[in-house]
Amino acid sequence: MAKKTESSEYVLYDASGSQVESFADSVAAPKAATMNAYVELRNGMVSFIIDLEVDPNTYPFQIVGGTIKSGICGAPWNVTGGRFGNDLYLEAVRKGQGSCAGSIIIVGERQDPDSWRGTYGFDGTSASFRHTTIFHRWSLSP
């Protein structure tokens, strides 16, 4: 945080190692960077490809946005929030066209290898259909 120089003045640094001018700047919380997590919900022949925007500085990881890209009626859907870690909780709303449900809730519990088993449902329910959601990979947000 601070280093004393030969002239008895302190040089201050922030969490990334950049020199700053004040103590307040040195202890200010860095802005949260997000990462993308790619998961796939599977239920027999049904497969939803999901790109999640995640805050990696929390656990369970907080889902701050994302998209259900394909496999669901009316795709794409906006992921509006949720979390994942030992459990999975995800909410999304439809933004595409069609006579489809307007929202989805996905819940699950972690299993090995990296995946969650649970249920999902539409328009306010989360227990209509069983699923396994597979974690594929992390990627930095653009």
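Between ARG130 and SER99, how many nm apart are label points set 7 Å from Cα along the C-beta direction?
In this crude label model, ARG130 to SER99 measures out at 3.1 nm.
What's the longest bit of the chain with no exposed GluC sites (Glu not before Pro), using DSSP loop states and at most 16 other Cβ atoms within 10 Å as the test?
22-142
Using a cut-off of 15 Å between beta-carbons, work out the net charge of the residues near SER126 (Lys and Arg +1, Asp and Glu -1, SER126 not included).
-1
Multiply the residue separation of SER22 and ARG117 by 0.36 nm, subtract the distance between their alpha-carbon atoms, and state the gained length in nm to one decimal.
29.3 nm
Using the Cα atoms of segment 19-142 to build a convex hull, what is its mean projected area in square nanometres?
9.4 nm²
Taking trypsin sites (Lys or Arg not before Pro) as exposed when DSSP calls them loop (any state but H, G, I, E, B) and at most 14 other Cβ atoms lie within 10 Å, what is the longest stretch of the chain free of them, the sites themselves excluded?
32-94
Considering Cα pairs under 8 angstrom that are at least six residues apart, work out the relative contact order of segment 14-109 and quote it in whole percent.
Result for segment 14-109 is 16 percent.
Which part of segment 106-128 falls in the paramagnetic zone of ASP87, meaning amide N under 11 Å from the point 7 Å along Cα-to-beta-carbon?
107-110, by backbone N distance to the label point.
Based on the Cβ-Cβ distance from GLU109 to ASN57, what FRET efficiency comes out when R0 is 22 Å, to the nearest 0.05?
Working from the Cβ atoms, E equals 0.40.
Only the coordinates and a few stated rules stand behind these numbers; no lab work does. Computed from a predicted model, the values in this text were never measured in an experiment. In this analysis, Cβ positions are derived from the backbone assuming ideal geometry, glycine residues included, and neighbour counts consider all displayed protein chains.
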